[in-house]
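First the structure, in the form of structure tokens, and then the observations on it.
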């Protein structure tokens, strides 16, 4: 994002903030006769929206301005093209246009405890660059400075021994996959006064706990219940899940009725997951015997990888089986019964394990099995 676009977004967000404030004043004037509880409730909702806008304005205003591209999308190579680099006490860094420090690399891979400096050469350390501490396999504890505002993508990628992380007050942005493959990471804790992030039982959320962002891969809890404020379970793709690359502890997850969106495939590699339970009052999702469906039960979303049964019959109401609904390396399932009511399948083989499909003759399920060379046989006529 160039500086001109950045300023435009900031101005737009500020105008939106002013508009909300004016609406709030108008609402207050029109509702003086209303009970205080109603007024307070409206004020809290408006204040929450205002806080979100302030956070976004702050992110755009403080984002480091690099010569090319958006600061969040720099590759793992992490050096900014055309910008001179320096080294101080094993820290390789750049000086940004705001005259602050962006860490590129830390060259000492033998330390188990690392204190990131709050300043170098009398300049504040504000940014941990993409992959700047990745592959530090001995790193167990890292201490982030209070001056830090941005943690870019893959910053701690494959830090296999990292046990916990504390996010200080001024951090406004945490990039994609920042703690991916940190297999020993048991908790991510956030300073209470941070404007953009928070934690619940060591799990990372946005400030308002409306979106689940990162579930630490090394967290040892067997059961986790999402807070009733959560509306979104954050973005996951086949190669990356917010629950980690290899989560071997989590066996049961509880999804409250507040959740409206599950983005991607968050349970794709939850290798010990046996049950997904949805609050029965949910209007968006449901479960049958620990298997996750949409509310109407026409779409099979997730079959838990460690569910302990060798045969499963897809309900006759199901019309669509989602991409990666059967995850990666199902532990026990050998036989899957799929009726002709299922007409939508992914455009790839979703069964990464030995399986026999039992299907209706001349059905889409049969065509799917033939296309991807999956063993199958026909459902016996009753």
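Take the residues of the range 193-210 that are out of contact with any strand residue (DSSP E or B) (no Cβ under 8 Å at 6 or more places or on another chain) and closer than 18 Å to residue 151 by Cα: which is surrounded by the fewest Cβ atoms within 10 Å (Cβ to Cβ)?
Step one: list which residues in the range 193-210 are out of contact with any strand residue (DSSP E or B) (no Cβ under 8 Å at 6 or more places or on another chain), which gives 193, 195, 200.
Checking the rest, the ones that are also closer than 18 Å to residue 151 by Cα come to 193, 195.
Values: 193: 8, 195: 16.
Out of the qualifying residues, it is 193.
Scan the range 245-256 and tell me whether some residue there is in contact with a strand residue (DSSP E or B) (Cβ under 9 Å, 6 or more places away or on another chain), within 16 Å of residue 209 (Cα to Cα) and at pLDDT below 85.
no
Quick one: how many residues across the range 97-129 are surrounded by fewer than 15 Cβ atoms within 10 Å (Cβ to Cβ) and either at positive phi or in contact (Cβ under 8 Å) with a residue 60 or more places away in the chain (or both)?
Of the residues in the range 97-129, 3 are surrounded by fewer than 15 Cβ atoms within 10 Å (Cβ to Cβ) and either at positive phi or in contact (Cβ under 8 Å) with a residue 60 or more places away in the chain (or both).
Inspect all residues belonging to the range 356-368 and state whether any of them is in a loop (DSSP other than H, G, I, E, B), touching a residue at least 60 places away in the same chain (Cβ under 8 Å) and either closer than 23 Å to residue 271 by Cβ or in contact with a helix residue (DSSP H, G or I) (Cβ under 8 Å, 6 or more places away or on another chain) (or both). Spell out how you get there, then give the answer.
Residues of the range 356-368 that are in a loop (DSSP other than H, G, I, E, B), as a first pass: 360-363.
Then keep just the ones that are touching a residue at least 60 places away in the same chain (Cβ under 8 Å); that gives none.
No, there is no match, as no residue in the range 356-368 is in a loop (DSSP other than H, G, I, E, B), touching a residue at least 60 places away in the same chain (Cβ under 8 Å) and either closer than 23 Å to residue 271 by Cβ or in contact with a helix residue (DSSP H, G or I) (Cβ under 8 Å, 6 or more places away or on another chain) (or both).
Determine which member of the set 274, 261, 222 is more than 17 Å from residue 304 (Cα to Cα) and out of contact with any helix residue (DSSP H, G or I) (no Cβ under 7 Å at 6 or more places or on another chain).
Numbers: 274 fails: more than 17 Å from residue 304 (Cα to Cα); 222 fails: more than 17 Å from residue 304 (Cα to Cα).
Checking each option against the conditions leaves just 261.
Quick one: which of 83, 87 is surrounded by fewer than 16 Cβ atoms within 10 Å (Cβ to Cβ), assigned to a strand (DSSP E or B) and out of contact with any helix residue (DSSP H, G or I) (no Cβ under 6 Å at 6 or more places or on another chain)?
Details: 83 fails: assigned to a strand (DSSP E or B).
Of the residues listed, the single one that is surrounded by fewer than 16 Cβ atoms within 10 Å (Cβ to Cβ), assigned to a strand (DSSP E or B) and out of contact with any helix residue (DSSP H, G or I) (no Cβ under 6 Å at 6 or more places or on another chain) is 87.
The values are calculated or read from the model by the stated rules, or taken from the named source; none is laboratory data. Only a predicted model underlies this, so the values are computations on that prediction, with no experimental measurement involved. Virtual Cβ from ideal backbone geometry, glycine too; neighbours counted across all protein chains shown.
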